[in-house]
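To start, the structure itself, in structure tokens.
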Amino acid sequence: MNQPVEKPYCQSCGMPLHLDTKEYLGTNANHSHSGEYCHYCLKDGEYTVDISMDEMVDIWVKYTDKYNWYSGTGYTPQELRILLNKRLPTLKRWRQKEVTQHVHYEAVNWVRTYIDRNLFQELIPEQLAEMSNLSFYYFRKVFRSITGENIGAYIQRLRLEYIAHLLIATAQPIEELGTQANYQTKFSLAKAFKKHFGVSMSEYRRKYRFVSTIEQKSGNMPEAEIRRINTRKAICMEVGDTFRDKHAYVGIWNQLLHYKEIHLLKNPDNRFVCISPDNPVVTQIEQRRFYIGITVGESIKADGKFSLQEIPGGMYAVFRHKGSYSGLPDFYRTVYDEWFPDSIYHQKHPLTFEVYLNTPDGTSVDELLTEVYIPIDK
């Protein structure tokens, strides 16, 4: 990648600016030519398209030949992606946006963590906005843009899904479950539950309860070690549905590795983990929370897109999976279909997590070791 030095760059797309050719330059609000932006990105003082930084990179990678023609370079698409991923975060448009996003994510991550820890306490959106140091109007807008849901609907969904988990994972009477939820009466809970899931609480339990229907066991019954663990914390990034896009998913891992390199001392206790706070039987796939992270000590402070997730202490059934990560879904099914029904335990709460004992960069796929932790109670 020995290419000529290219400066100055458009402060939006990163393309070299031809300051001596005015038709290639963007225009300011007063219609004068800009010395900072190209004509593709700025017109009359406004950005021509409202896209993310990653989308901007993808556009140029798609049109690598055009970039090379314009800038006199010879990059391959892969080389151009690497170059722009380094360059764009340093440009004015994305620096400004990054600072704003950094503040927004930090506020929303803090509120979501607070909600998780106080799910069945009184949660008033106006007070949550005040605690996040944002106006209520702005907080609601930011929360929805990041989570895709209104704050009130988000809280109610998590409460109902937690109750749904208890319905199918435990034999706890429905009347007792009602006392855990922050509803005025059991009738308002029943109404909200049926509206959300389309069936009554008793019907939901009959339909989805963790009861084995397998007549013949697979013969691959996983062994469990019952462990009591202390509360752990992990610095994490939320994956969401990024796992569907291999490039985007690798990008999140790279950000996590960069954080580890910069902020964490080499410590064998810093393990890579995956945390899933939601029961996959209960929560729709597009709304499931899914985090990847690194276990850390108490002194770490999360900021921006990084959040500090808490793994509750308590009793866990710990299973060890050997082999490709692609085999984990079937492994979980065996645990739920065969191990739980034959055990004296039920899953205490929806959160599960995985600890990666080795990593693909130094281990063959067949030798990958993953510990799966499922919280239990008798």
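Which residue pairs have Cβ atoms under 7 Å apart, sit 6 or more places apart or on different chains, and have a first residue in region 148-172 that is over 21 Å from residue 376 (Cβ atoms) and a second that is of a type in the set (Phe, Trp, Tyr) and surrounded by 22 or more Cβ atoms within 10 Å (Cβ to Cβ)?
That search, which allows pairs on different chains as well, returns 151/143; 160/193.
Looking at region 118-133 only, could you name the residues that are at pLDDT below 90 and either of a type in the set (Ser, Thr, Tyr) or outside any loop (DSSP other than H, G, I, E, B) (or both)?
131, 132
List every residue pair whose Cβ atoms sit under 6 Å apart, with the two residues 6 or more apart in sequence or on different chains, where the first one lies in region 185-209 and is without any contact (Cβ under 8 Å) to a residue 24 or more places away in the chain and the second, anywhere, is in a loop (DSSP other than H, G, I, E, B).
Going by the 6 Å Cβ cut-off, the qualifying pairs are 194/200.
Looking at region 355-378, which of the residues that are under 16 Å from residue 224 (Cα atoms) and either crowded, with 20+ Cβ neighbours inside 10 Å or among the aliphatic types (A, V, I, L, M) (or both) is farthest from the chain's Cα centre (by Cα)? Break it down into steps so the answer makes sense when it comes.
Of region 355-378, the ones under 16 Å from residue 224 (Cα atoms) are 355, 369-378.
From what's left, either crowded, with 20+ Cβ neighbours inside 10 Å or among the aliphatic types (A, V, I, L, M) (or both): 355, 369-370, 372-376.
On the way: 355: 17, 369: 23, 370: 20, 372: 19, 373: 19, 374: 20, 375: 21, 376: 25 Å.
Among residues in region 355-378 that are under 16 Å from residue 224 (Cα atoms) and either crowded, with 20+ Cβ neighbours inside 10 Å or among the aliphatic types (A, V, I, L, M) (or both), the one farthest from the chain's Cα centre (by Cα) is 376.
Between residues in region 17-37 that are among the charged types (D, E, K, R) and residues that are assigned to a loop (DSSP other than H, G, I, E, B), which pairs lie under 6 Å by C-beta distance while being six or more apart or on different chains?
If the second residue must be assigned to a loop (DSSP other than H, G, I, E, B), the pairs left are 36/11.
Considering region 278-287 alone, what residues qualify as being part of a loop (DSSP other than H, G, I, E, B) and surrounded by fewer than 18 Cβ atoms within 10 Å (Cβ to Cβ)?
280, 281, 284
How about region 41-98: which of its residues are β-branched (Val, Ile, Thr) and more than 25 Å from the chain's Cα centre (by Cα)?
Answer for region 41-98, where residues must be β-branched (Val, Ile, Thr) and more than 25 Å from the chain's Cα centre (by Cα): 48, 49, 61, 64, 73, 76.
Hey, which of the helices (runs of 4 or more DSSP H) in region 11-105, taking only ones fully inside, have at least 3 residues that are closer than 29 Å to residue 147 by Cβ? Lay out the reasoning, then the answer.
Details: elements: 53-62, 64-71, 77-87.
Counting at least 3 such residues, we get 53-62, 77-87.
Which one of these is in contact with a strand residue (DSSP E or B) (Cβ under 6 Å, 6 or more places away or on another chain), touching a residue at least 12 places away in the same chain (Cβ under 8 Å), in a strand (DSSP E or B) and under 25 Å from residue 86 (Cβ atoms): 274, 236?
Within the list 274, 236, the selection yields 236.
Counting only residues that are over 21 Å from residue 309 (Cα atoms) and without any contact (Cβ under 8 Å) to a residue 60 or more places away in the chain, which one in region 115-132 is surrounded by the most Cβ atoms within 10 Å (Cβ to Cβ)?
Ranking the qualifying residues of region 115-132, first place goes to 125.
When you check residue 273 against the structure, is it touching an Asp or Glu at 6+ places or on another chain (Cβ under 7 Å) and buried (at least 21 other Cβ atoms within 10 Å of the Cβ), yes or no?
yes
Could you check region 62-72 and list, in sequence order, the residues that are within 20 Å of residue 37 (Cβ to Cβ) and surrounded by 13 or more Cβ atoms within 10 Å (Cβ to Cβ)?
Passing the criteria: 63, 67, 70, 71.
The values are calculated or read from the model by the stated rules, or taken from the named source; none is laboratory data. Model, not experiment: these values are computed from the prediction. Neighbour counts run over all protein chains shown; Cβ positions are idealised from the backbone, glycine included.
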